[in-house]
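Only one structure is covered here, and it is reproduced in the block below.
The values are calculated or read from the model by the stated rules, or taken from the named source; none is laboratory data. Computed from a predicted model, the values in this text were never measured in an experiment. All Cβ positions, glycine included, derive from the backbone under ideal geometry; neighbour counts span all protein chains shown.
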Amino acid sequence: MSASIALPAAATLARPRARRRAGNLLPWLLLSPLLLLLAAFTYWPLLHTIYLSVVDVRLFQPDRFVGLDNFTGLFRSPSFAAASWNTVIYIALSLPLKVLLPIPIAVFVWCAGARMASLHRSILFVPTLLSFVVVSIVWIWMLNPVMGMVQSGLRPLGLQMPALLSDAATAIHAIIGISAWKVIGFNALLYLAGLASIPRELIESMRLDGASDWRITRSLLLPLLSPTIYFVAITSVLFTVQQVFTPINIMTGGGPSNATTNLFYLAYEMAFESFNIGFASATALLLFVGLGALAALKAWLLGRRVHYA
Amino acid sequence: MRNVAPLTLTPPWRAIGNIVLFVASLSIVVPLLLVVATSLKPPIEIHGGLPWPQSPTGGNYVEVFDKIPLGLYFWNSAATTALRVGGQLVIALLAAYAFARFEFRGRDVLFALTLGAMMLPHSLTFLPTYLMISWLGWFDSWWGLIVPNLAAPVGVFLLRQHMLAFPRDLLDSAAIDGAGPWRALWLVILPNIQPAMAAIAILLFIDCWNEYFWPLVITESEHAMTVQIGIRRFLDAERGDDLGALMAGVVLVSLPAMAVFLWFQRRILETFVSAGLKG
């Protein structure tokens with residue numbers, strides 16, 4: 001199966017003429033539950049966030065307009081600086097693990113015999129099924145320096161497991177590794193779908209011309225895989241910013257001393273721990289501008305692929 | 001996902017490939033086997049013993065229900081997941097039908113807004129949604145867990161694709177036989193897209209069952225908490241003092257998604273991959 005085949009060209013089919021007249025009200029009736037829900041729980045909150053970011057919300061008093069004070073306050077706060085920097089680190093260090101590492105895995109699964117390929121595919125998919133809560137708990141235990149599983153393996157060798165999660169220098173890397181562990185297999189499956197859609201004839205004809213495996217990989221597979229690579233890269237950025245919330249919340253709570261917090265986690269903490277609605281909304285909005293640009297890029301890529309199909 | 005070996009790997013590369021796959025698969029399987037093994041260990045074997053249990057026991061699986069109200073958490077998760085996924089499917093089916101089969105003013109804009117909702121990060125909208133749910137009096141209730149998530153744009157998107165791919169001739173002959181739009185939906189389209197509906201249901205089920213952020217924000221008491229929040233609170237309360245019971249809880253919480261996967265293995269892989277490429 002391929003990414004593009006799944007989007008059929010039937011979109012251009014004309015609809016039955018008779019239905020056009022009868023369907024004046026009916027489509028609105030059919031759509032009304034979806035539209036009401038989207039209005040109430042997606043688009044209204046979007047507008048409300050913008051409003052909340054420029055006011056000071058006070059108990060039992062009307063909201064006070066404060067202009068950009070929430071934003072300037074944010075820019076002066078050290079935790080915002082730490083969270084912004086960490087967000088960049090999370091993304092920059094996650095991308096090679098989540099985007100590049102799955103490519104050779106996918107190629108090797110693709111080349112394996114049918115039975116091995118099917119076994120590896122199933123195993124690679126398992127972390128996708130586990131909740132991030134479960135993954136976090138399992139890895140807290142694995143990495144525990146006193147009674148963790150890794151430590152039990154190291155002890156006979158006379159080695160000591162470092163306390164990765166409570167050390168400000170290593171905690172963020174531990175979370176990056178764990179969040180990669182959760183998605184590498186799934187991304188490999190996405191690449192596998194991309195590989196499976198490459199026409200066999202192209203490979204055969206290159207081979208007849210005497211091309212080596214390496215040559216085929218470099219000049220044919222990787223270029224044809226590039227839309228999938230872009231796509232996985234953008235998805236990984238969006239995923240990384242939002243999904244690391246769970247391991248941060250469970251494994252480190254953003255610490256030690258803000259070493260693992262990111263912008264999403266900061267927005268959550270401001271909203272529900274320090275009850276600073278203005279700061280939380282301003283943070284969410286800034287995050288939105290960044291992520292929204294990426295989501296638009298992703299939608300554009302998706303649109304381009306539909307035309308290729 | 002047909003599997004045909006297209007590269008004739010030379011022996012060293014074949015070996016490297018096998019090692020890479022072996023290491024990748026082991027890195028997934030070993031931690032999970034250790035979790036299951038630990039959940040079967042009696043208390044005296046938990047610390048410092050062998051990785052596998054010498055005298056396996058199911059005691060931890062009983063104990064975890066004594067330590068936390070896991071049954072209640074399961075009931076909350078199961079009921080809210082069933083209601084939410086059911087609602088999502090009905091709403092998405094109706095909306096996809098409208099988008100795929102009717103022409104009306106504003107259709108393309110509304111479809112773009114639906115796709116836009118798929119792209120909008122939760123991180124942006126959680127605070128106003130929380131304020132609204134509190135204002136409605138749904139904080140710490142099933143309603144708060146279910147209602148804000150009833151719209152599933154990814155479901156609308158996938159079902160619309162399937163309906164667009166649906167053979168026109170069948171619909172035309174149904175119309176000639178006098179079937180109105182409702183009958184066409186229930187009697188012609190629905191039976192034919194059932195595999196797609198099932199696959200999307202599984203996707204939404206796993207999403208909902210594994211969700212952490214929203215239940216964390218919107219629930220406060222045991223009477224609304226889901227399994228994910230429950231197991232997390234168990235972790236905080238025990239901090240590793242009762243590892244066997246914690247791991248038993250981890251296994252139990254993960255079982256439903258695993259069971260569904262084993263049941264519908266092939267279809268799930270394909271649906272997740274195609275949704276992953278679009279969502």
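Keeping to the range B:40-77, report how many residues are away from chain A (no Cβ under 11 Å) and either assigned to a helix (DSSP H, G or I) or basic (Lys, Arg) (or both).
Step one: list which residues in the range B:40-77 are away from chain A (no Cβ under 11 Å), which gives B:40-45, B:52-76.
Going one step further and asking which of them are either assigned to a helix (DSSP H, G or I) or basic (Lys, Arg) (or both), we end up with B:41, B:43-45, B:59-67, B:70-76.
The number of residues fulfilling the criteria is 20.
Residues checked against (1) more than 30 Å from A:ALA293 (Cβ to Cβ); (2) surrounded by fewer than 20 Cβ atoms within 10 Å (Cβ to Cβ); (3) within 23 Å of the chain's Cα centre (by Cα); (4) of a type in the set (Phe, Trp, Tyr):
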{"residue": "B:ASN60", "(1), (2), (3), (4)": "yes, no, no, no"}
{"residue": "B:PHE74", "(1), (2), (3), (4)": "yes, yes, yes, yes"}
{"residue": "B:GLY87", "(1), (2), (3), (4)": "yes, yes, yes, no"}
{"residue": "B:ALA92", "(1), (2), (3), (4)": "no, no, yes, no"}
{"residue": "B:ALA117", "(1), (2), (3), (4)": "no, no, yes, no"}
{"residue": "B:PHE126", "(1), (2), (3), (4)": "no, no, yes, yes"}
{"residue": "B:LEU131", "(1), (2), (3), (4)": "no, yes, no, no"}
{"residue": "B:GLY137", "(1), (2), (3), (4)": "yes, yes, no, no"}
{"residue": "B:ALA152", "(1), (2), (3), (4)": "no, no, yes, no"}
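Any residue in the range B:105-125 that is within 12 Å of another protein chain (Cβ to nearest Cβ), in contact with a Lys or Arg (Cβ under 8 Å, 6 or more places away or on another chain), under 17 Å from A:SER32 (Cα atoms) and polar (S, T, N, Q)?
The answer is no; no qualifying residue exists.
Against the condition within 10 Å of another protein chain (Cβ to nearest Cβ), among the small types (Gly, Ala, Ser) and more than 24 Å from B:SER77 (Cα to Cα), how does B:ALA184 come out, does it pass? Step through it out loud before you land on a result.
On the way: within 10 Å of another protein chain (Cβ to nearest Cβ): yes; among the small types (Gly, Ala, Ser): yes; more than 24 Å from B:SER77 (Cα to Cα): yes.
Yes.
All but one of (1) more than 30 Å from B:GLY180 (Cβ to Cβ); (2) modelled with pLDDT of 90 or more; (3) more than 8 Å from chain B (Cβ to nearest Cβ) hold for A:ARG58; state the number of the condition that does not hold.
(2)
Scan A:ALA163, A:ALA193, A:ALA174 and give me the residue that is touching a residue at least 60 places away in the same chain (Cβ under 8 Å) and more than 10 Å from chain B (Cβ to nearest Cβ).
Values: A:ALA163 fails: touching a residue at least 60 places away in the same chain (Cβ under 8 Å); A:ALA193 fails: more than 10 Å from chain B (Cβ to nearest Cβ).
Exactly one of A:ALA163, A:ALA193, A:ALA174 is touching a residue at least 60 places away in the same chain (Cβ under 8 Å) and more than 10 Å from chain B (Cβ to nearest Cβ), namely A:ALA174.
Just give me the residues in the range A:269-284 being touching a residue at least 12 places away in the same chain (Cβ under 8 Å) and either under 18 Å from the mean Cα position of the chain (by Cα) or assigned to a loop (DSSP other than H, G, I, E, B) (or both), in sequence order. Spell out how you get there, then give the answer.
Of all residues in the range A:269-284, those touching a residue at least 12 places away in the same chain (Cβ under 8 Å) come to A:269-270, A:277-284.
Listed by number, the list holds a single entry, A:ALA284.
Please indicate, with yes or no, whether at least one residue in the range A:291-300 is farther than 20 Å from A:VAL99 by Cβ and either at the interface with another protein chain (Cβ under 10 Å from one of its Cβ atoms) or over 21 Å from the mean Cα position of the chain (by Cα) (or both). Even if it seems obvious, please write down each step before you answer.
Going residue by residue through the range A:291-300, those that are farther than 20 Å from A:VAL99 by Cβ are A:292.
Filter again for either at the interface with another protein chain (Cβ under 10 Å from one of its Cβ atoms) or over 21 Å from the mean Cα position of the chain (by Cα) (or both), leaving A:292.
The answer is yes, given that some residue of the range A:291-300 is farther than 20 Å from A:VAL99 by Cβ and either at the interface with another protein chain (Cβ under 10 Å from one of its Cβ atoms) or over 21 Å from the mean Cα position of the chain (by Cα) (or both).
In the range A:117-204, which helices (runs of 4 or more DSSP H) lie fully inside it and hold 3 or more residues that are surrounded by 22 or more Cβ atoms within 10 Å (Cβ to Cβ)?
Working: elements: A:132-143, A:149-154, A:171-196.
Result: A:132-143, A:171-196.
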